[in-house]
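Data block below; observations after.
The values are calculated or read from the model by the stated rules, or taken from the named source; none is laboratory data. Quantities reported herein were computed from a predicted structural model and do not represent experimental measurements. As a convention, Cβ positions derive from the backbone with ideal geometry for all residues, glycine included, and neighbour counts pool all protein chains shown.
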């Protein structure tokens with residue numbers, strides 16, 4: 001699939017027209033901006049193609065202390081006042097951009113469709129905070145939910161982790177830690193996660209330019225986040241390098257066909273399957289990285305939201321029967 005002679009021909013008409021409109025708007029590329037500017041540009045654009053925001057019963061923002069006493073901001077979404085299972089969600093943005101705000105509509109949508117609580121985590125960003133700070137914040141958030149989630153009305157016997165892109169990397173790594181800590185998770189929900197140490201799969205070459213997430217963006221983000229070349233090979237950055245994934249939480253993958261990261265997502269799904277982990281893998285044809293935030297223009301986003309919500313519901317139900 002990745003060795004397509006004209007990869008642009010793979011795009012759906014709707015996806016093609018979104019990319020054309022973006023190219024015509026000719027923004028300054030992210031990698032030409034400072035991280036602060038890139039963050040601001042991403043915030044401004046984040047909502048442009050989003051679906052209307054679902055109304056929810058409960059939305060609360062608060063903080064809790066991490067291992068180094070940083071007050072970590074989180075936002076809790078819930079569709080009702082009941083004691084609900086919870087998805088701990090990590091936003092994408094290459095560990096450098098993105099926030100609770102940029103992923104607000106997505107988190108509301110998942111909460112609404114899956115009838116579960118979602119806790120969105122504002123982990124610390126590069127370049128001010130380098131690897132493994134984002135990862136440590138993410139794992140601290142999962143542990144906080146397990147220990148204190150009941151105090152904010154959550155059903156802590158049913159916890160899932162999830163994220164998109166860099167957030168998917170964080171979720172996958174947290175699932176490995178959870179296994180090691182004997183903390184049972186219902187699901188790891190992974191939208192086009194980064195999984196590999198190096199950008200050396202065929203899809204990185206095929207989709208290096210012209211498919212939203214471009215090779216210079218990836219280099220820009222990782223240069224801000226990683227301290228040394230050795231950090232690249234650390235499994236907390238590259239879950240494909242985890243020595244052993246047996247017994248981690250079941251996984252749902254939602255990958256984009258026209259995405260430099262698609263091959264490494266498939267490889268990680270294969271690695272989990274080979275270790276006996278239940279895996280559900282969806283590849284959405286003809287769409288690019290970030291498509292789940294383009295529901296106004298790209299119908300595949302709605303399918304991915306519905307599929308992810310169904311996976312969450314099923315996982316939470318089966319965990320309820322376990323207990």
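Miscellaneous remarks
- Restricting the stretch 228-284 to residues that are under 22 Å from residue 212 (Cβ atoms), assigned to a helix (DSSP H, G or I) and in contact (Cβ under 8 Å) with a residue 60 or more places away in the chain, the residue that is nearest to the chain's Cα centre (by Cα): 265
- Residues located in the stretch 20-34, provided they are touching a residue at least 12 places away in the same chain (Cβ under 8 Å) and within 23 Å of residue 130 (Cβ to Cβ): 29, 30, 31
- The stretch 35-47 residues that are closer than 18 Å to residue 222 by Cβ, paired with ones that are modelled with pLDDT of 90 or more and assigned to a helix (DSSP H, G or I) (beta carbon under 7 Å, 6 or more apart): 35/224
- In this entry, residue 177 is excluded by the filter for residues that are closer than 18 Å to residue 67 by Cα and over 18 Å from the mean Cα position of the chain (by Cα).
- Screening residue 49 against (1) touching a strand residue (DSSP E or B) at 6+ places or on another chain (Cβ under 8 Å); (2) more than 25 Å from residue 315 (Cβ to Cβ); (3) surrounded by 14 or more Cβ atoms within 10 Å (Cβ to Cβ) leaves a single unmet condition, (1).
- Total residues in the stretch 46-67, condition under 21 Å from the mean Cα position of the chain (by Cα), under 16 Å from residue 122 (Cα atoms) and part of a loop (DSSP other than H, G, I, E, B): 1
- The set of residues in the stretch 189-227 being exposed (fewer than 14 other Cβ atoms within 10 Å of the Cβ) and assigned to a loop (DSSP other than H, G, I, E, B) consists of 198, 200, 209, 210, 227.
- Only one of the listed residues (111, 120) is surrounded by 20 or more Cβ atoms within 10 Å (Cβ to Cβ), under 13 Å from the mean Cα position of the chain (by Cα) and either modelled with pLDDT under 95 or not in a loop (DSSP other than H, G, I, E, B) (or both). That residue is 120.
- Residue tally, condition in a helix (DSSP H, G or I) and either farther than 21 Å from residue 104 by Cβ or modelled with pLDDT under 95 (or both), over the stretch 123-143: 6
- Residue 146 meets the stated requirement of being outside any loop (DSSP other than H, G, I, E, B), surrounded by fewer than 24 Cβ atoms within 10 Å (Cβ to Cβ) and free of Cβ contacts under 8 Å to residues at least 60 places away in the same chain.
- Per the conditions (1) without any contact (Cβ under 8 Å) to a residue 60 or more places away in the chain; (2) buried (at least 17 other Cβ atoms within 10 Å of the Cβ); (3) touching a helix residue (DSSP H, G or I) at 6+ places or on another chain (Cβ under 8 Å), the sole criterion not satisfied by residue 54 is (2).
- Enumeration of residues in the stretch 158-177 that are touching a strand residue (DSSP E or B) at 6+ places or on another chain (Cβ under 8 Å) and either surrounded by fewer than 24 Cβ atoms within 10 Å (Cβ to Cβ) or outside any strand (DSSP E or B) (or both): 165, 166, 167, 168, 169, 170, 171, 172, 174, 175
- Residue 102 without any contact (Cβ under 8 Å) to a residue 12 or more places away in the chain and either surrounded by fewer than 17 Cβ atoms within 10 Å (Cβ to Cβ) or part of a loop (DSSP other than H, G, I, E, B) (or both): no
- Total residues in the stretch 85-110, condition in contact with a helix residue (DSSP H, G or I) (Cβ under 9 Å, 6 or more places away or on another chain) and closer than 15 Å to residue 145 by Cβ: 6
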